[in-house]
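Please read the structure below before turning to the comments.
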Amino acid sequence: MTGLDFSLFTKGGPMMWVLLAMGLAGTLLFIERLLYLHRGQIRSTAFVGGIKNILAKRRLMEALTVCEETPGPVAAVVKSALLHADRDEQTMRLAVQEAALIEIPVLERRLGSIAAISQVAPLVGLLGTLLGMITTFHAFMQGGSYATANALASGMWQALLSTAGSLFVAIPGHLAYHFLNGRVRAIVRDVEWAGNEIMKYLLGEYRALPPNGGADPGAGAKPPAKP
């Protein structure tokens, strides 16, 4: 930061430091949530398709291992369904819903803090503006009828810079919140689709598979000996 920039920052008054702290906190929260959601969002269609291929071979433990090694709520919900693969539909559905109820709040964690920062920042800027105006009128009263521009400039700088600083924090904060909220909604849709899809497979095709995983029972048998 150059000397001129720092000089402008200090002219904004004490509320500029509050806005700076809020901006840094919002930035850290955004980066943390962005990385977390990026790690948790997988290609749900390909993942569920791969689980189905494994289950088609009657390798339930292998499918559970894949779910364990895959991060994100989609894998957790699919794993919950696999753990109840031999249960009735109602029990399996309740297990899937319970897993979703555990995973979704984790996705939404700290989004409220980002929203709060973007909403409170304009109020902090307004407070800084009012303090600047109070400083201006105080300088005017102290100077009487001959108050100089320099005496009034300090309060005006504080008022204008506080307003500008609050907008610099609030506008990116709102954009960050809505961006992350959209990512969360996309993951929630994937969770709902994956849970329904794996349940339909387990209750239908999986239970209809023969015990040997669909292999031809006559495959590998020796032909009868000729007389």
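The values are calculated or read from the model by the stated rules, or taken from the named source; none is laboratory data. No experiment lies behind these values; they were computed from the predicted model shown. So basically every Cβ, Gly included, is an ideal-geometry build from the backbone, and we count neighbours across all protein chains shown.
One residue stands out among those in the stretch 171-227 that are assigned to a helix (DSSP H, G or I) and among the polar types (S, T, N, Q): the one that is modelled with the highest pLDDT, which is Asn181. Taken over the stretch 28-41, the criterion of being loosely packed, with under 15 Cβ neighbours inside 10 Å and of a type in the set (Lys, Arg) is satisfied by Arg39 alone. For the criterion of being touching a residue at least 12 places away in the same chain (Cβ under 8 Å), closer than 20 Å to Arg207 by Cα and assigned to a helix (DSSP H, G or I), Val48 passes. Taken as a whole, the stretch 145-155 holds no residue that is more than 30 Å from Ala85 (Cβ to Cβ), modelled with pLDDT of 90 or more and touching a helix residue (DSSP H, G or I) at 6+ places or on another chain (Cβ under 8 Å).
Screening Leu55 against (1) farther than 17 Å from Leu107 by Cβ; (2) over 17 Å from the mean Cα position of the chain (by Cα); (3) modelled with pLDDT of 90 or more leaves a single unmet condition, (3). Selection within the stretch 26-46: residues that are at pLDDT 90 or above and in contact with a Ser or Thr (Cβ under 8 Å, 6 or more places away or on another chain). The member of this set that is nearest to Arg109 (Cα to Cα) is Leu29. Taking every residue in the stretch 24-37 that is under 17 Å from His178 (Cβ atoms) and pairing it with any residue that is in a helix (DSSP H, G or I) and among the polar types (S, T, N, Q), at least 6 positions away or on another chain, the pairs with Cβ-Cβ distances below 7 Å are Leu29/Ser113. Selection of first residues in the stretch 165-182 that are within 23 Å of Gln41 (Cα to Cα) and in contact (Cβ under 8 Å) with a residue 40 or more places away in the chain and of second residues that are in a helix (DSSP H, G or I) and among the β-branched types (Val, Ile, Thr), restricted to Cβ pairs under 8 Å at least 6 apart or on distinct chains, gives the following pairs, ordered by first then second residue: Gly173/Ile114; Gly173/Ile117; Ala176/Ile114; Tyr177/Ile114; Leu180/Ile114.
Do you know which of the residues in the stretch 61-98 that are touching a residue at least 40 places away in the same chain (Cβ under 8 Å) and either in contact with a Pro (Cβ under 8 Å, 6 or more places away or on another chain) or not in a helix (DSSP H, G or I) (or both) is nearest to Leu175 (Cα to Cα)? Top of the filtered list is Gly72.
Say whether the condition of being assigned to a helix (DSSP H, G or I), among the charged types (D, E, K, R) and crowded, with 19+ Cβ neighbours inside 10 Å is met by at least one residue in the stretch 10-27. Checked the stretch 10-27: no residue is assigned to a helix (DSSP H, G or I), among the charged types (D, E, K, R) and crowded, with 19+ Cβ neighbours inside 10 Å.
Once the stretch 56-99 is narrowed to residues that are farther than 16 Å from Asn196 by Cβ and of a type in the set (A, V, I, L, M), the residue that is surrounded by the fewest Cβ atoms within 10 Å (Cβ to Cβ) is Met61.
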